[in-house]
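Engineer: Before I ask anything, let me first share the structure, which is written out below as structure tokens.
The values are calculated or read from the model by the stated rules, or taken from the named source; none is laboratory data. Just so it is clear, the model here is predicted, and its values are computed rather than measured. Cβ coordinates were reconstructed from backbone atoms using ideal geometry, including for glycine residues, and neighbour counts include every protein chain displayed.
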Amino acid sequence: MAMPSNKSPGPDKIGISYLKEFNRISSHQNGNRSLHSTETLNIFVTDTMLEAIDNKNLTALILLDLSKAFDSVSHSILLHKLSCIGASPEAVKWFQDYLTGRSQYVCIGSTKSSARPITHGVPQGAILSPLLFCIYINDLPGSIQSCNLDSYVDNSKLYKSFCIYNLEQTTINLEAALQIAAKWCLEHQLLINPEKIKFLVVGSRPMLQNVPTEMSLTFLGKTIRPVLLAKDLGINLDPYLSYDDHISKLVSSCMRKLCQINRVKDSFDNETLKLVIETLVISKLLYCSTVWSNTSSNNINKLQSVQNFVCRVISGVGKFDHITPALRELNWLPVEKLLLERETVMAYKCFNRLAPDYLVDKFIKRSNIHDRSIKKSSPLGHSSV
């Protein structure tokens, strides 16, 4: 593992400012980009799968695992890619100086090997490293035509919606896409670990009943079968997008943390206690909520029980006392309304171009629809008089 040297963070910030000026990062790469996040990517892919369900189709989702991705980046290939996106020779030399000058050795007991220069890897823990990795794999999505590929830094996913009658051809396309991705990675000295690939088929319950139980993919000599649960960027996905497992694990995790905090809450003043709970529990509870907020009312009730417990820990309300007055005193919305508020905020961002283009483009204003209908009435595209 390459670690950053004891230099100031100044070079990292200079490098980030320089690289972001180019704006050459692929639209399929969501890491280290303004307005992009794990939430926006999850929303987009989930919406694609829900749209397929509405059209009575299925979606095959493959979560790729790159072994030691940051440690495998070739310095020479990375510098060449920087040059290709328009970095000047002086800038490339600056990045070369940034990457080189590090060494590593092996230590067994009190015996150390001689130091060797590091020729691969971006320093883990450095704020510039994720952006450099994004540039390194920037052209991976463009190499695959038969499927969609989107990434968040080193987390990549292949997905393709299909009709059940095209299952055989879809399987061929998916295997071909995996082979192309593996070939690209080999050329760039990266490695896809077939043992850690997750393959999920998403659809409605009636449509999934038509999927043969023996369905599988073959990749690097390994048979990959669909799973019933896969974790993608912090979200536990199931074939029906019910999020039952995600909510159950989320509630269990939050409750454990709350019980631990409750045992030591007397050590904190009220404001510090709120801060601790917001940091360790509330942020976890609401992570990517716009992705799974359409879950069942039963799951919403489970989340409400977490919020109620949070309120009791902070306000000291007894186990059998009514919780509503305490929630009002804290000026908290119930979970259902809180989720709606977060959805509204995301919609506002999309309407005002404060979100990635791939989300903004999903919204069509009524005025635009009206304009299109007018233009269609004129063969030259001019407005009718």
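Engineer: Give me the helices (runs of 4 or more DSSP H) completely within region 197-311, filtered to those with at least 2 residues that are more than 24 Å from Tyr165 (Cα to Cα) and of a type outside the set (Lys, Arg), ordered by residue number.
Structural biologist: In region 197-311, the matching helices (runs of 4 or more DSSP H) lie at 244-264, 270-277, 289-292.
Engineer: Please determine whether any residue of region 50-70 is under 17 Å from Ile25 (Cβ atoms), assigned to a helix (DSSP H, G or I) and without any contact (Cβ under 8 Å) to a residue 24 or more places away in the chain.
Structural biologist: No, because not a single residue in region 50-70 is under 17 Å from Ile25 (Cβ atoms), assigned to a helix (DSSP H, G or I) and without any contact (Cβ under 8 Å) to a residue 24 or more places away in the chain.
Engineer: Just checking, how many residues over region 212-241 are β-branched (Val, Ile, Thr) and crowded, with 16+ Cβ neighbours inside 10 Å?
Structural biologist: Going through region 212-241 one residue at a time, the tally reaches 2.
Engineer: From Leu220, Leu200, Leu229, which residue is touching a helix residue (DSSP H, G or I) at 6+ places or on another chain (Cβ under 6 Å) and either closer than 20 Å to Ile144 by Cβ or at pLDDT below 95 (or both)?
Structural biologist: Selected residue: Leu220, the only one of Leu220, Leu200, Leu229 that is touching a helix residue (DSSP H, G or I) at 6+ places or on another chain (Cβ under 6 Å) and either closer than 20 Å to Ile144 by Cβ or at pLDDT below 95 (or both).
Engineer: All but one of (1) over 20 Å from the mean Cα position of the chain (by Cα); (2) in a helix (DSSP H, G or I) hold for Gln189; state the number of the condition that does not hold.
Structural biologist: (2)
One line per residue, one yes/no per condition, for (1) touching a residue at least 24 places away in the same chain (Cβ under 8 Å); (2) more than 22 Å from Asp232 (Cα to Cα):
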site	(1), (2)
Leu275	no, yes
Leu285	yes, no
Asn301	no, yes
Ile314	yes, yes
Asn331	no, yes
Glu341	no, yes
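Engineer: Restricting region 29-46 to residues that are assigned to a loop (DSSP other than H, G, I, E, B) and buried (at least 19 other Cβ atoms within 10 Å of the Cβ), which is modelled with the lowest pLDDT?
Structural biologist: Among residues in region 29-46 that are assigned to a loop (DSSP other than H, G, I, E, B) and buried (at least 19 other Cβ atoms within 10 Å of the Cβ), the one modelled with the lowest pLDDT is Asn32.
Engineer: Of these, Ser129, Ser114, which one is exposed (fewer than 15 other Cβ atoms within 10 Å of the Cβ) and not basic (Lys, Arg)?
Structural biologist: Ser114
Let's see how each residue does on (1) farther than 22 Å from Leu359 by Cα; (2) free of Cβ contacts under 8 Å to residues at least 24 places away in the same chain:
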position	(1), (2)
Pro141	no, no
Gln145	no, yes
Asn148	no, no
Tyr152	no, no
Leu158	no, no
Cys163	yes, no
Leu167	yes, no
Ala181	yes, no
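Engineer: Kindly check whether there is at least one residue in region 321-343 that is polar (S, T, N, Q) and over 25 Å from Leu273 (Cβ atoms).
Structural biologist: Scanning region 321-343 turns up no residue that is polar (S, T, N, Q) and over 25 Å from Leu273 (Cβ atoms).
Engineer: Here is a further query. Does region 56-108 hold any residues that are basic (Lys, Arg), under 24 Å from Asn148 (Cα atoms) and surrounded by 13 or more Cβ atoms within 10 Å (Cβ to Cβ), and which are they?
Structural biologist: Residues satisfying the conditions are Lys68, Lys81.
Engineer: Give Leu158, Leu132, Leu167 a once-over and let me know the one that is of a type outside the set (D, E, K, R), in a strand (DSSP E or B) and in the same structural domain as Val211 (by the TED database).
Structural biologist: Leu158
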